[in-house]
Structure formats: structure tokens, C-alpha cells
1. Points 7 angstrom from Cα along the Cβ direction at B:Glu215 and A:Ser4: gap in nanometres?
2. Whole-Hz Karplus ³J(HN,Hα) for region B:200-210, in order, using 6.51 cos²θ - 1.76 cosθ + 1.60 and θ = phi - 60°, x for Gly and Pro?
3. As a test question: what accessible area, to the nearest 10 Å², does B:Glu76 have when a 1.4 Å probe is rolled over all protein chains in place?
4. Once the Cβ-Cβ distance between A:Tyr227 and B:Ala164 is put in as r, and R0 is 45 Å, what FRET efficiency do you end up with, to the nearest 0.05?
5. Return the single residue from B:Ala237, B:Ala167, B:Ala363 with maximal mean-square fluctuation; model: Gaussian network over chain B, springs between Cα atoms under 10 Å.
6. Please compute, for peptide A:156-167, the average count of beta-carbon atoms on other protein chains lying within 10 Å of each residue's beta-carbon.
7. Which distance in Å, rounded to a whole number, links the C-alpha centroids of region A:15-38 and region A:159-201?
8. Please give the residues from region B:136-183 for which the solvent-accessible area of heavy atoms, probe 1.4 Å, is smaller by at least 20 Å² with all protein chains in place than with the chain isolated.
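The values are calculated or read from the model by the stated rules, or taken from the named source; none is laboratory data. What you are looking at is a predicted structure, and each value in this text was computed from that prediction instead of being measured. Note that we place each Cβ from the backbone using ideal geometry, even for glycine, and neighbour counts take in every protein chain shown. Note: accessible area is taken over every heavy atom of the protein model, side chains too, but ligands, DNA and RNA are not part of it. Shrake-Rupley method; radii C 1.70, N 1.55, O 1.52, S 1.80 Å.
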Amino acid sequence: MNMSVASSSVKKGETLIDTAMTLNAMQPDILVVRHHSAGAVALLAQKVACSVVNAGDGAHEHPTQALLDALTIRRHKGRIATLIVAICGDVLHSRVARSNILLLNALGAEVRVVAPSTLLPSGIEEMGVRVFRRMDEGLKGADVVMMLRLQRERMEGAFVPSVREYFRYFGLDAAKLAYARPDALVMHPGPMNRGVEIASEIADGPMSVIEEQVEMGVAVRMAVIEYLVGVSAEGNP
Amino acid sequence: MTERPLVVEKVRIVDPARKLDAVGTIVVENGVIVAAGPDAMNQGRPDGATVIDGTGLTALPGLVDARVFIGEPGGEHRETIASASRAAAAGGVTSILTMPDTDPVIDDVAIAEFVMRTARDTALVNVFPAAALTKGLKGKEMTEIGLLTDAGVKAFTEGRKTLADPALMRRIMTYARDFGAVVMHETTDAALAGGGVMNEGLYASWLGLPGIPGEAEIIPLERDLRLAALTRCRYHAAKISLGESAAVVAAAKRRGLSVTAGVSINHLSLNENDVGQYRTYFRLSPPLRREADRLAMVEALADGTIDIIVSSHDPQDADDKRRPFAEAETGAIGLETLLPAALRLYHSGAVPLMRLVEAMTSAPAAILGLDRGTLKPGAPADLAIVDLDRPFVFTEDLIRSRSKNSAFENARFAGQVLRTVVSGRTVFEAAG
């Protein structure tokens, strides 16, 4: 069953807890929840009896994206450990970045972030990453270049001055990508802003594995669901 | 066109970048200083050189004025780049940083390049446009600090305005830091200043004029200094006017922040009493303060708390100044009187000559990242030859600026610029 906020009782003022109670009463096997507020999915999970998959909560986490990214990397490189992964762009607002920082570090990669300081969260230096403010430095020797989406409302003078300035200094084009290893992978969690964080020729180029990420997304989420259904069938959470 | 080489002999050379104050010879060739110092005396004269006897005269690096308002584009009736440059040359000023409060606002690369191009074609001195911090000076969206920096913009400022939104200020400072850009800010809280037109206090009260409290300057200044600590941005307090402001700048410097400060020549020379009976040429922003504050500015300049002196040259149409005080425009011109007015502090013994010259040459050049403001060999030959003691009265007919709103009209000075040289080319010579 699919339920979206726009057409549900959430719009009519129902609180998240009430929604959780209602959903719980339907006795589902699994809830897959995406929410705009960080921590909302965890809050909901406390109130229901079934398994809950976090499909993205605010700027907090997006665990299955990190799993599918790791799977995509491993398929190409045969390992994760010791690889240099540069996560570039709007780290401040990105749940994808946070999940990848956690997972890739756990798997032994060297994780870097590359962004203007206005798009980096406070304390980023202590999150287990190396921080760069210039693409040429941050991409040097990278095995994986992971681009993040910059939302439109953040482009025009709020966090960065303009699209053309952002693309000039932080958009992934051939010149900047040349700093990475020649066999580097180019990744993007989608949806892409072509000409903002990534040039079309790169997104569609030979180093891009962006479509494969989508494919791995299906596999990873199938696996997650299968695992959780198996767990709940055994009654052994 | 190749300029003839220039040799100035037996001249007192004051070059703060090298802490040099000695009689010697200056040799200029191909627009560059070849030698300048006592040991250059035995240097042969280049063929065809113009030779000047500098006996009794002093050679300074050409002045760098980091706060100049110009009317071009959009207000050419007040001042053009060319007319401002003539005023600058007459004042021994060889480099000016122009403010972005033009029409259109200097807030993108195309307009900055227009100013640089116009300056190349029409100006006698070096012109460096500062760009706005926010698009259209509207205080909403930051400008393209990266692209502007790459285009040659040396500083970012809201000109006369102060950014009200602290979150936006923080973000701009954070972004500017990544590009090594310097943020120059005049700090006046517009809401707190309200409708004030001069310094708040007894004198304003007797005149029946609404006052601007000192806190209108100090509150946004302290805010900015805290944000400078948070963001580690290069911050320059453009124009402070209060002893308390100097104290908070000094404290920020003690904390090791990358902070500098400027003061206008007006606030070193004048106080609120100069407003007299509603003299609108003395309506300035920030307003002229109490004598105690002026003395504190002089002391802060002498001890280095205040890094630089600016003219804050701000041409205004006579029609906009010949109004009741509270309705008149703020601002005064100052390019031509910057050096003579500053030399009063040397003649009075308040500030040593070396420090005074530093605050108008090498210190602003360092803040802006210019290779000028010094006479060291290899530098572009920007210099002013001055008779430090020659007296003159600054009468209106001397004013080369297109606007005549000088706060020093009919002032008596000791210290006249006799010749100004920009990149080896003489751009001004005093008559007689």
C-alpha cells in the first residue's frame, strides 16, 4: 500500500504519532517511511510493532542509498577498503552524505568531502572525513567521485551566489574530473541538476555509474525487504 | 608610449614597507622603481632621464585610498572616474578602491569589468572597483564572490550600507573566506540610527537635530567581529569613529582574528562642533563625534589598532547639500585633502610620519593585496613628491573633483603635493 502526505490525513493535521497508530492498526509487515524531519522515522518506529525502513529522514540519513552506493563501488573496484571517495556538493543538507560517511568509513574507505564552507555542516572535520574547499585538491587521486544534488532554492544567493558560479567552482566537468584517478567512478544519487552540480557529458560519460546505482537500488531494497520479512516471519526481531 | 626615465635626487625617501626614512635617490625606468634609497646615489642616470632636484622635498609611495565613492556609472554629474582620478592625482593618491554604490550597482563581473575598462581608458590613477556583498545592495542574496575575485575585484562591501541580517552576513563571510576575499563593512545599525543626522548628545540637542547614538556603530561592529571569529573571514571595519569601537577592534586583534580597521580623515580631523550652525558639508556617516572620540581615533591610529586612513571621498551635488541639515545628503569629498589633512597629525606630533604614511600606503595595499604602496625596487613606480612644510589654503578654485562638498574648504594646511607619478608617468604637477 502506498500512502503520501499530500493525499493523507497528515495534511489534515494528524500528528505523526497518530499516523503511526493508524498504520500499526493495519498490522503491516514492513513500513517504508520517508519524512522531511530528521528523526521522524525513528520516532514512528517506536510506535509501531513492525519493521520500519528509513527511506530518508530530513538531512539525517538515507541508509539504503549508502548500501546501494557501496554495492555499486564494490562491483567495480572489488573492494571498499583503502579507496578514496570524494563526496562533493551540498553536504550540509544531504542525508545521502551522512549515511555514506558512516558506511564507507566503516568499510575502510578514505572519505573526503568537497564543498564551499557554506554547504558544510559545523563539526564536519570531526565526522571522520578530510575536508576540502576546492575540487582540484579534493578530487586528487580519488577512486570515486560522488556528486550531491543542490536544490534550486539554495542556488541563487542563499548558500552559493549563483548557478554559474557554483558550476564554475564545484560543478563536475571534464577539467575537474581529470584530477581524479583515470579509472574513477562518477556517482550521483539522483535526481541530477545537469549543468549545476554535474555536466551532462560527465553524467552520461564512460566513467558514470549513475544508472547502475538505480539498478543496484532495486537489488538492495529487495534484499532489505526480504531480510526483514524473513525476520518477522520467524518472529525474531 | 614609453615614458622618459625619471630620477629624483637628494630627496628624503619615506617608505614604510621597508621602514626606510633617509635621503637618497629614486630611479624610475619603464614604469618601475629601479632603485630608491641612499645607496642609489651612485647609480648612473639612465639616458634621457628627467632629473628632479629633491632637496628639501619628501618622496612617499603613492597613496592608496581604500574608500572612494564615484558617480560612474549612473551619477556622472557628481563625479566620473576621470574627474575622481584627477582629484586623486592632485592629492598624491595613486590607487583608489571605488565603492559599489553606483547605478547599476557593481555586483557582477560585467559591471566590474566596465569600471576597470573605463578606468584604463580615462583614469590618471589606478582604479580598483570593490564589489557589493549582495546583489543590488538589497541585502538578500550574496554576489558571485568567486567569479568577481577571479575577475580582479580586490574587496567586497555594501558601500554605505550595513547588512542587517546576521545569518546572511555569516554565510557571506563563510563563503568569502574560502576565496580569501576581504569583507569591508561600514557598521551602522539603520534602525538604531533611526532618523538621526548627527552625533547624539548635548550639541545635537541644542541644535534640535535628531541624534545617532554610538551604539548604532558598536552593536553591528561587535556582531561582525564575533562572526569574523566564527567564520575566520578576513574582515575590515571600513570606517570606525568611536573610542569604544577602537577598543573592540583592539580586543579582536588580540584574539588573533584576521581583522583590520579604517578611519576616515574627517574623523581624525574634525568633531561634532564643526557642524557649527547647520553646515551640511559636515553631515557625514558615521557622524562627526565628540572631541574625545577624535582623540581616541588619533591614538588608535598611532598605536596600530586602526590600520588605515581613507578619504571616504563622497561627491554630492550642491543641490543635495544646500538644504536644511536634516534633509541634506551625507558625505564629503576628500581625495585632494587626504594627505595635507593627515600631515596635520605629523606636524602636531600626534602620529610619527612613518606610521602616518604607512596607514595610507603599504597598509591599505596589504589589505587589498596590491603590489603597490611601496618604493621598493621592482614595484610599480607610484609616488608622490611632497613639500611637507609648504603652506597653502584649500580654496574652492583648487577643487578638481566635479563636486565641491569639501569639509576642508578654506582650511590652512602645511604640506603640498608637488608631483604625482603613476607607473612612471607624471600625472600631476603643482603650479609654481
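1. 5.2
2. Working through the residues one at a time gives 6, x, 4, 5, 4, 5, 5, 6, x, 9, x Hz.
3. My reading of the accessible area for B:Glu76 is about 70 Å².
4. It comes out at approximately 0.25.
5. B:Ala167
6. Rounded to a whole number, the mean comes out at 6.
7. That distance is 37 Å.
8. B:Glu141, B:Met142, B:Glu144, B:Leu147, B:Asp150, B:Arg171, B:Thr174, B:Tyr175, B:Arg177, B:Asp178, B:Phe179
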